[in-house]
Amino acid sequence: MIRFDFSGTTKEIIGQAGITREDIESLRPLTEKAHALLMAARKKGDVIFYDLPERSGMVEDTDAMASGLMGHFKDIVHIGIGGSSLGPKAIFSALKNPLHNYTSSPRMFFLDNVDPEYMASLFGMLSLKDTLFVVVSKSGATAETASQFMTALGLMKERLSDAYKDHLVFITDPERGILRQLAYELGIRALSIPSEVGGRFSVLTPVGLFPAAMCGLNTKLLLEGAKKMRDIITQDDVFKNPAYLYCCIHFLALKRGANVSVLMPYSNALYDIADWYRQLWAESLGKRYSIDSREVFTGQTPVKALGATDQHSQVQLYREGPFDKIINIMTVDRYRADTIIPDVLDGIDEFSYLASRPVSDLIKAEARATIASLIDAGRMTTHISLDTIDEETVGALFMFFEAATAFMGYILKINPFDQPGVELGKKFTFALMGRHGFLDLSESIESKLKTIPGMNIEI
Ligand code: PA5
């Protein structure tokens, strides 16, 4: 189903900058401990993403709610941000036709930014009587999500009066938070995100499953793919466990100065999975303190790139720029649709190699060419190839990257499941918006935002 080829990171293939089997074996004390701790945390119920495929009642409740609502709405607006949006968006992009919203119903919109222009355009275009709003927030307290929910609610109350309740689904914590409280008080449909699962590890909960079901995707197959992968990536032997091997290679790369991890799928459909990975790897691993409270300032900057498009934008840097990257190329063996390039330019020798060939031949050749050219330049390059893109492979990829990220966190000796670094920005926003209890931060904000004469040019 999925092949992981790490040869392009080895000394045999890329020369001096590469790693050896011995390098990986030398990490054994670290990997054995990380594996033991991670599996103990899983057993204790502290790390539950591994076991979501078997979560009792979760997929059944999700599918049942979706089947009761399907066919009633022309548009679905998914309101949420970060972990409450990137996963469902990745599923939709990977598994629905790229032009789905132009050709099919229900159209799916992801409202994951408080960009006033986008919001005004979207709300201005929707026919509220045909729209379902899915409001997703684990905490129920996120300002961006709250503002969009309030906007939707205001419009619905005005135009649909009490019927607005039929146009809302909440996906939130089973007990805590304002959304859960409102669900009880107002009688709004709600699905639960298991309380132990953090936002960016929640794609295989109703957060990702409900929108998938509403679009007619097979949620059970998503979980089946994740489960099959889970059974492979919980093995302790690093050389049989692709998530652990991916992590060890990234750890060794980081130690050699590769502060950047690029994920570059050769598929538009997989680009939002790279976006999801970008949050997962960044927010989980970018940490100031280790679990024993030492200042470590660790992490690896994830970058998303798109093949073949970014060959004409990024690859120059990847090949000839600083040795600060590990590049992960993702390819697809069988694309779900193809186009034969017609033989229309008879006599033009420069293009004859393209004539009568499927476009997939070209993108596959470009991926192989990029891998070879990066290797030629001594750049650490991995190759993840999917047989095809379907529910099972996508579910498997989620599980793979979540396990790799959690394991990397344990190897780096940091907590991969928290995000203390985003808290201060949230508090400053509350202060700037005049929220009670946060106003005493105003002075500190102003001192940071003051302008220095000569360093501030208006034109
Ligand atoms: O991974 C995380 O925890 C975050 O990205 C959250 O998903 C994001 O901040 C949104 O939070 P919430 O779902 O509570 O609205």
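Residues checked against (1) open to solvent by 20 Å² or more (accessible area, probe 1.4 Å); (2) of a type outside the set (Lys, Arg); (3) within 16 Å of the ligand (Cβ to nearest atom):
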position: 343; (1), (2), (3): yes, yes, no
position: 346; (1), (2), (3): yes, yes, no
position: 386; (1), (2), (3): no, yes, no
position: 417; (1), (2), (3): yes, yes, yes
position: 420; (1), (2), (3): yes, yes, yes
position: 430; (1), (2), (3): yes, yes, yes
* All positions within segment 92-113 that are more than 16 Å from the ligand (Cβ to nearest atom) and surrounded by 21 or more Cβ atoms within 10 Å (Cβ to Cβ) -> 92, 93, 94, 95, 106, 108
* **Candidates 152, 163, filtered to the one that is away from the ligand (no atom under 14 Å from the Cβ), in a helix (DSSP H, G or I), among the aliphatic types (A, V, I, L, M) and open to solvent by less than 20 Å² (accessible area, probe 1.4 Å)** => 152
* Structure fact -> Exactly one of 222, 263, 245, 254 is outside the structural domain of residue 97 (by TED's automatic domain parsing), of a type outside the set (Gly, Ala, Ser) and touching an Asp or Glu at 6+ places or on another chain (Cβ under 8 Å), and that one is 222
* **Out of 258, 253, 226, 243, sole residue that is assigned to a loop (DSSP other than H, G, I, E, B), over 14 Å from the mean Cα position of the chain (by Cα) and within 28 Å of residue 364 (Cβ to Cβ)** => 258
* Look through 200, 180, 189 and report the one residue that is out of contact with any helix residue (DSSP H, G or I) (no Cβ under 7 Å at 6 or more places or on another chain) and either at positive phi or basic (Lys, Arg) (or both). => 180
* **Boolean, residue 178 is of a type in the set (A, V, I, L, M), within 30 Å of residue 273 (Cβ to Cβ) and either outside the structural domain of residue 402 (by TED's automatic domain parsing) or within 16 Å of the ligand (Cβ to nearest atom) (or both)** => no
* To do: Give the number of residues within segment 59-91 that are within 16 Å of the ligand (Cβ to nearest atom) and polar (S, T, N, Q).
  => 2
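Looking at segment 119-138, which of its residues are of a type in the set (D, E, K, R) and within 15 Å of the ligand (Cβ to nearest atom)? Walk me through how you get there before you give the answer.
So in segment 119-138, the residues of a type in the set (D, E, K, R) come out as 129-130, 138.
138, the sole residue that qualifies.
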* Does residue 173 satisfy being more than 14 Å from the ligand (Cβ to nearest atom), of a type in the set (Asp, Glu) and modelled with pLDDT of 95 or more? -> no
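Residues are listed down the side, and each one gets a yes or a no for (1) in the same structural domain as residue 315 (by TED's automatic domain parsing); (2) open to solvent by less than 40 Å² (accessible area, probe 1.4 Å); (3) closer than 17 Å to residue 310 by Cβ; (4) not in a loop (DSSP other than H, G, I, E, B):
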position	(1), (2), (3), (4)
350	yes, no, no, yes
356	yes, no, no, no
374	yes, yes, yes, yes
397	yes, yes, no, yes
404	yes, yes, no, yes
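Does residue 195 satisfy being farther than 25 Å from residue 109 by Cβ, open to solvent by less than 60 Å² (accessible area, probe 1.4 Å) and within 16 Å of the ligand (Cβ to nearest atom)?
yes
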* **Selection count, segment 166-191, where residues are open to solvent by 40 Å² or more (accessible area, probe 1.4 Å) and part of a strand (DSSP E or B)** => 1
* Evaluate segment 84-91: report whether one residue or more is open to solvent by 30 Å² or more (accessible area, probe 1.4 Å), in contact with a Ser or Thr (Cβ under 8 Å, 6 or more places away or on another chain) and in contact (Cβ under 8 Å) with a residue 24 or more places away in the chain. => no
* Asked: Is it the case that some residue within segment 210-220 is within 16 Å of the ligand (Cβ to nearest atom), within 26 Å of residue 388 (Cβ to Cβ) and in a helix (DSSP H, G or I)?
  -> yes
* Out of all the residues in segment 269-287, is one or more open to solvent by less than 20 Å² (accessible area, probe 1.4 Å), assigned by TED's automatic domain parsing to the domain that holds residue 387, over 22 Å from residue 51 (Cβ atoms) and assigned to a loop (DSSP other than H, G, I, E, B)? -> no
* **Within segment 126-148, considering residues that are within 24 Å of residue 71 (Cα to Cα) and out of contact with any helix residue (DSSP H, G or I) (no Cβ under 8 Å at 6 or more places or on another chain), the one surrounded by the most Cβ atoms within 10 Å (Cβ to Cβ)** => 126
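Let's see how each residue does on (1) out of contact with any strand residue (DSSP E or B) (no Cβ under 7 Å at 6 or more places or on another chain); (2) closer than 19 Å to residue 203 by Cα:
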| residue | (1), (2) |
| --- | --- |
| 350 | yes, no |
| 360 | yes, no |
| 376 | yes, no |
| 393 | no, yes |
| 400 | yes, yes |
| 405 | yes, yes |
| 413 | yes, no |
| 422 | yes, no |
* Considering only segment 1-50, state which residues are acidic (Asp, Glu) and either touching a residue at least 12 places away in the same chain (Cβ under 8 Å) or assigned to a strand (DSSP E or B) (or both). => 5, 23, 32, 46
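The values are calculated or read from the model by the stated rules, or taken from the named source; none is laboratory data. Please read all numbers here as calculations on a predicted model, not as lab measurements. Note: ideal-geometry Cβ built from the backbone for every residue, glycine included; neighbour counts use all protein chains shown. Please note that ligands, DNA and RNA were not included when accessible areas were found on the heavy atoms of the full protein model with its side chains. Shrake-Rupley method; radii C 1.70, N 1.55, O 1.52, S 1.80 Å.
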